[in-house]
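Encoded as structure tokens, the structure appears first; notes follow it.
The numbers here are math on the coordinates, done by the rules we state, and not lab data. The shown structure was predicted, so the numbers you read here are calculated from the model rather than taken from an experiment. Cβ placement follows ideal geometry from the backbone for every residue including glycine, while neighbour counts extend to all protein chains displayed.
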């Protein structure tokens, strides 16, 4: 597949078929996330995939969107401590590189899911305490992103509404 075609095909899906997601497809999504770059190669993530129906229902109720109650699987992206050198560099730069790294890994996961014919939706708003309890996430760790995962109920690819290229880029100077 041509990469830009894949990017155009990946979209936030909010209606899923009840069909379970095959583990071999999930494994390829996880492999794509594993190969994502990270600051100092820290790989400050852990993915927990929930495909047990009872657990998935509990996670769905921990979300604040109604559609999460119909999702067949979730992947939780947990922020891990990472390497000390990466944390120090982030502290000196005034940014948490782990958040950037998790975003890249999550998008690698979602792009591979699109390649597999699956739909995803990245979720940042959910009951953190409940999700951590359901997944057995230890203290000191944070579920940064929940990824809804499944077969889209509608196979139509929506046209993306984005800023025009002229409104989001310049060369050599801001606004130039």
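Taking label positions 7 Å along the Cα-Cβ direction at both residue 34 and residue 155, the computed distance is 3.1 nm, reported to one decimal.
With a ≥ b ≥ c taken as the square roots of the eigenvalues of the C-alpha gyration tensor of region 1-137, please select rounded if a/c is under 1.5 and otherwise prolate if a/b is larger than b/c or oblate if it is not? Oblate, since a/c reaches 1.5 and b/c is not below a/b.
Of all the C-alpha pairs in region 48-106, what % are more than 17 Å from each other? Result for the distance tail: 52 percent. Fully extending the segment from residue 65 to residue 171 would add 34.2 nm, taking 0.36 nm per residue of separation and subtracting the current Cα-Cα distance.
Take the Cα radius of gyration of region 105-176 and divide it by 2.2 N^0.38 Å, N being the number of residues; the result is 1.58. On the beta carbon distance between residue 163 and residue 142, with R0 = 25 Å, the FRET formula returns roughly 0.20. Does anything in region 139-174 have its amide N under 11 Å from the 7 Å Cα→Cβ label point of residue 4, and if so which residues? It comes to no residues whatsoever. Rg and Dmax of region 58-170, based on Cα coordinates, read 16.6, 46 Å. Spin-label pair residue 54-residue 104: with each label point 7 Å from Cα along the Cα-Cβ axis, the two points sit 4.0 nm from one another. The equivalent ellipsoid that matches the C-alpha gyration tensor of region 22-79 spans semi-axes of 25, 14, 8 angstrom, in descending order.
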